1. Residues of the range 64-81 being buried (at least 16 other Cβ atoms within 10 Å of the Cβ) and either part of a loop (DSSP other than H, G, I, E, B) or in contact (Cβ under 8 Å) with a residue 24 or more places away in the chain (or both), which ones?
2. Could you list, in sequence order, all residues of the range 143-166 that are closer than 15 Å to residue 111 by Cβ and either modelled with pLDDT of 90 or more or in a helix (DSSP H, G or I) (or both)?
3. When you check residue 135 against the structure, is it free of Cβ contacts under 8 Å to residues at least 12 places away in the same chain, more than 17 Å from residue 109 (Cα to Cα) and assigned by TED's automatic domain parsing to the domain that holds residue 104, yes or no?
4. With respect to the numbered conditions (1) outside the structural domain of residue 39 (by TED's automatic domain parsing); (2) surrounded by 13 or more Cβ atoms within 10 Å (Cβ to Cβ), which one is the sole condition not fulfilled by residue 106?
5. Please verify whether the range 55-63 includes one or more residues that are assigned to a helix (DSSP H, G or I), within 28 Å of residue 159 (Cβ to Cβ) and either in the same structural domain as residue 177 (by TED's automatic domain parsing) or within 22 Å of the chain's Cα centre (by Cα) (or both).
């Protein structure tokens, strides 16, 4: 089997109706046939030598090198094109999946929304009880309450333990909050 035959192997995800339809038996035999072909092995060796010249250009080279070579060989792409595709992949993973902020941002958005809803409910209750002086600004956030919620989320495994004050401050500022001192007490004040 050549790389062109492998590329057109007919694996279509649209043909899968159920998770149980996924079987790697066919793939395993196709891989075995592919790697028994001495031309494919020789091509792989040539592409791997080309890759050595570009190692400094590869994000996560230790994880990606073998896959980049195989990708280049199977899809008959230049080594530079395969490197670009995998670098794009790692950029995406690093930005959207592995960043500390992705889970923290979701947590913060949820925390802020829930806090605003709870304060609005309390304010409505205070007004209905005839005590409007007990109402609070619904967008203000108590830093201690936020810190305790983050610590609980870390302990429960919902957040990465690497979240630090600097990152949290930046994330809060991105949401329009600044830390101010209000009545001798720090508070995250919504400024936008």
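1. Those that are buried (at least 16 other Cβ atoms within 10 Å of the Cβ) and either part of a loop (DSSP other than H, G, I, E, B) or in contact (Cβ under 8 Å) with a residue 24 or more places away in the chain (or both): 64, 69, 70, 72, 73, 74, 77, 79.
2. Applying the first criterion (closer than 15 Å to residue 111 by Cβ) to the range 143-166 yields 143-154, 156, 158-159, 163.
143, 144, 145, 146, 147, 148, 149, 150, 151, 152, 153, 154 - these are the residues of the range 143-166 that are closer than 15 Å to residue 111 by Cβ and either modelled with pLDDT of 90 or more or in a helix (DSSP H, G or I) (or both).
3. Working: free of Cβ contacts under 8 Å to residues at least 12 places away in the same chain: no; more than 17 Å from residue 109 (Cα to Cα): yes; assigned by TED's automatic domain parsing to the domain that holds residue 104: yes.
Criteria not met by residue 135.
4. (2) is the only condition that residue 106 fails.
5. Initially, the range 55-63 is screened for residues assigned to a helix (DSSP H, G or I), giving 55-57, 61-63.
Still in the running and within 28 Å of residue 159 (Cβ to Cβ): 62-63.
Checking the rest, the ones that are also either in the same structural domain as residue 177 (by TED's automatic domain parsing) or within 22 Å of the chain's Cα centre (by Cα) (or both) come to 62-63.
Within the range 55-63 (the criterion being assigned to a helix (DSSP H, G or I), within 28 Å of residue 159 (Cβ to Cβ) and either in the same structural domain as residue 177 (by TED's automatic domain parsing) or within 22 Å of the chain's Cα centre (by Cα) (or both)), the answer is yes, since at least one residue qualifies.
Rundown of residues vs (1) in the same structural domain as residue 106 (by TED's automatic domain parsing); (2) without any contact (Cβ under 8 Å) to a residue 12 or more places away in the chain; (3) within 23 Å of the chain's Cα centre (by Cα), yes/no style:
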position: 156; (1), (2), (3): yes, yes, yes
position: 164; (1), (2), (3): yes, yes, yes
position: 172; (1), (2), (3): yes, no, yes
position: 184; (1), (2), (3): yes, yes, no
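The values are calculated or read from the model by the stated rules, or taken from the named source; none is laboratory data. The structure displayed is predicted, hence computed values, not measured ones. When we count neighbours, we look across all protein chains shown, and the Cβ atoms used for this are built from the backbone with ideal geometry, even at glycine.
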